[in-house]
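Enquirer: Below you will find the structure I want to go over with you.
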Amino acid sequence: MARSRSEEAVRRYRPGDEPAVENLYRRALQEAGTDPDDVPGNQDLRWIEETYLRSDGEFLIAESDGQIVACGGLLVDGATAELLRIAVDPDHQREGFGTAIVEGLERAARERDCDRIVLTTASRQASATTFYPERGYERLGTERVNGYHLIEFGKRL
């Protein structure tokens, strides 16, 4: 089967991508109505190599016309992997970049012998609350943190 343009655009994070990744992530959150400075623990975007790549995780980038338009990270804890910092530039949503990132991270999780993958997203990220179930993720639970209603999803690999 032929690969789509969005799949061909996916690559591993490289040193020097940090500013564009952080800008993309902030822009995607703001577009969805979330203040990026309110999100706890997103300092990992300043240390992607240390947080993801040097810990048996993964961090993928998607590009379009030389610009970073999507990203996502994977952390591994035994047989469970966690998706983090999945973001798609608002101008490039519904073009397959998010799907390509998630599928690439799922492959990476399988390569690391994970049998389960989880993620947490805010309910106000409306596109995410439909995106993940459409890809086989089940809703596992909810919680309220810092005024945000969070939804946890999971999927068997």
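Just so it is clear, none of the values below were taken in a lab; they were calculated from the coordinates. The structure presented is a predicted model; accordingly, all values stated were derived computationally and were not measured. Please note: Cβ atoms are built from the backbone with ideal geometry, for glycine as well, and neighbour counts cover all protein chains shown.
Enquirer: Round to a whole angstrom and tell me the spacing of the C-alpha centers of the range 111-157 and the range 60-97.
Expert: 15 Å
Enquirer: Which ordering of 18, 138, 106 is given by a fewest-first count of other beta-carbon atoms within 10 Å?
Expert: With the fewest neighbours first, 18, 138, 106 line up as 138, 18, 106.
Enquirer: Also: Using Stokes-Einstein with the Kirkwood hydrodynamic radius over Cα pairs, what translational diffusion coefficient do you get for the range 82-153 at 10 °C and a viscosity of 1.306 mPa s, in µm²/s rounded to a whole number?
Expert: Diffusion coefficient, whole number: 122 µm²/s.
Enquirer: How charged is the neighbourhood of residue 138? Take every other residue with its Cβ under 13 Å from the Cβ of residue 138, and add Lys/Arg as +1 and Asp/Glu as -1.
Expert: With Lys, Arg at +1 and Asp, Glu at -1, the net is +3.
Enquirer: Hey, another quick one. Taking a quarter of the surface of the convex hull around the Cα atoms of the chain, what do you get in nm²?
Expert: Orientation-averaged projected area of the Cα hull: 8.9 nm².
Enquirer: Mind sorting 44, 17 by how few other Cβ atoms lie within 10 Å of their own Cβ, fewest first?
Expert: 44, 17
Enquirer: Run the quick spin-label model on residue 30 and residue 14: label points 7 Å from Cα toward the beta carbon, then report their separation in nm to one decimal.
Expert: In this crude label model, residue 30 to residue 14 measures out at 2.7 nm.
Enquirer: Same structure, new question: Dimensions of the range 30-83 along principal axes (Cα, Å, largest first)?
Expert: Result, largest extent first: 34, 31, 19 Å.
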